[in-house]
Amino acid sequence: MVLNHTSDKHQWLINSASSKSNPHHDGYVWNNGIPATTTGISALQKKFEHEGLVPSNNWESLFGCSAWEWVPAVHQFYCHKFYIQQPDLNWSNPKVEKAPPHRRLLPQRPCHARVRLRYQ
């Protein structure tokens, strides 16, 4: 079981991505990015430029794209080590760490299912 992410359709991410001041915002790994004019940025970072910002590093997901996805509503990138639709939870956040793992599987494909976590 993979417990490091939720679906991008999960209410936590929807809330988190709505505003930086939302109480769920720090439930995920977010990054402000860096200016696209920064010296030494990689081609991968440049490929994901949004509003003059690029991801702050050249991390790749396990599927070969950037590990960062831009969310215009908060002007930040969220981290996803796997699919873009699987944003990584912020395990440094005590609310996430203390959340009971409700093991409701969300089938996506015949060979793949995800675990959805919930915190109050």
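The values are calculated or read from the model by the stated rules, or taken from the named source; none is laboratory data. Bear in mind the structure is a predicted one, so any value in this text is a computation, not a measurement. Heads up, the Cβs are rebuilt from the backbone with ideal geometry, glycines too, and the neighbour counts pull from every protein chain shown.
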- Query: Which condition number does Glu69 fail, the rest of (1) modelled with pLDDT under 85; (2) outside any loop (DSSP other than H, G, I, E, B) being met?
  - Reply: (1)
- Item | Output for the stretch 66-93, where each listed residue is of a type in the set (Asp, Glu) and closer than 17 Å to Glu51 by Cα | Glu69
- Task: Taking the residues in the stretch 2-18 that are modelled with pLDDT of 85 or more and small (Gly, Ala, Ser) as candidates, determine which candidate is surrounded by the fewest Cβ atoms within 10 Å (Cβ to Cβ).
- Result: Ser18
- Message: Of the conditions (1) hydrophobic (A, V, I, L, M, F, W, C); (2) more than 11 Å from the chain's Cα centre (by Cα); (3) within 24 Å of Glu97 (Cα to Cα), Ala67 satisfies every one except a single condition; which number is it?
- Response: (2)
- Filter the stretch 35-56 for residues that are surrounded by 15 or more Cβ atoms within 10 Å (Cβ to Cβ) and not hydroxyl-bearing (Ser, Thr, Tyr) and give the result. Ala36, Ile41, Leu44, Gln45, Phe48, Glu49, His50, Leu53, Val54, Pro55
- Item | Options Leu62, Leu106, Leu89; residue that is modelled with pLDDT of 85 or more, within 16 Å of His10 (Cα to Cα) and not polar (S, T, N, Q) | Leu89
